[in-house]
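For reference, the structure discussed in these notes is given below.
The values are calculated or read from the model by the stated rules, or taken from the named source; none is laboratory data. Computed from a predicted model, the values in this text were never measured in an experiment. In this analysis, Cβ positions are derived from the backbone assuming ideal geometry, glycine residues included, and neighbour counts consider all displayed protein chains. Surface accessibility is based on the protein's heavy atoms, side chains included, excluding ligands, DNA and RNA. Shrake-Rupley method; radii C 1.70, N 1.55, O 1.52, S 1.80 Å.
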Amino acid sequence: MTRQGKIGKKSPQLRSLALIAVGSNQGLRNGTPHDTVLNALKEFPVKVGSIRAFSRLFRTAAFPAGSGPDFVNAAFALETELDAADLLSHLHEVESLFRRNRTKRWGPRTLDLDLIAMADQVLPDRETFDHWAQLPIDQQMTTSPERLILPHPRVHERAFVLIPLADVAPEWRHPVRGVSVQEMVDALPENLKNEVEPL
């Protein structure tokens, strides 16, 4: 990894396994979303952490339906000593390098780096997690949390996140739901799983 970006403070905790989802449905500088997803990996300096596993690439329809071109999706597992807030800040730095604009929730994007989970942490607390996990779909489309919520409150519903994650961390267990990534994949409706196509 080549870029030496701004690095936050290291957590006093043991190294944590961070699970990160990657997506793109807009090319950059005459490149394709496929290129963007692969190039994003080159922007993780050694001091941020070590990429332990990277998934296959998948093609999925934009979510919600009709909101833009198809996505290229992937996931990776990162071993890091950074705390969640510092890691998220670095992910946003990388997104900005790829001209990510946050003008429309769930709109087309050049690069999306979502911190899905960090080990077994529930952040900022269980009550806040439960609130966002139970939010109705109409409110999800117009409202976003002001603080980082971990694990991602909707990960169990999203085939385009879970299927790539199953390539890199099938045995990771959701700290609230108590089920593994593979078990969450197995519980998905078949029509959702079929929408995630390996490239």
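Of all residues in segment 137-160, exactly one satisfies the criterion of being in contact with a Pro (Cβ under 9 Å, 6 or more places away or on another chain), open to solvent by 60 Å² or more (accessible area, probe 1.4 Å) and assigned to a helix (DSSP H, G or I), namely I137.
I want to confirm something. Restricting to segment 161-178 and keeping residues that are in a loop (DSSP other than H, G, I, E, B) and touching a His at 6+ places or on another chain (Cβ under 8 Å), which single residue is most open to solvent (accessible area, probe 1.4 Å)? Among residues in segment 161-178 that are in a loop (DSSP other than H, G, I, E, B) and touching a His at 6+ places or on another chain (Cβ under 8 Å), the one most open to solvent (accessible area, probe 1.4 Å) is R177.
Conditions tested, residue by residue: (1) modelled with pLDDT of 90 or more; (2) surrounded by fewer than 21 Cβ atoms within 10 Å (Cβ to Cβ).
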| position | (1), (2) |
| --- | --- |
| L87 | yes, no |
| R102 | no, yes |
| W106 | no, yes |
| R126 | yes, yes |
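Selection of segment 175-199 for residues being within 19 Å of A53 (Cα to Cα) and modelled with pLDDT of 95 or more yields S180, V181, Q182, V185, P198. The set of residues in segment 179-199 being part of a loop (DSSP other than H, G, I, E, B), more than 17 Å from the chain's Cα centre (by Cα) and in contact (Cβ under 8 Å) with a residue 24 or more places away in the chain consists of L188, E195, L199.
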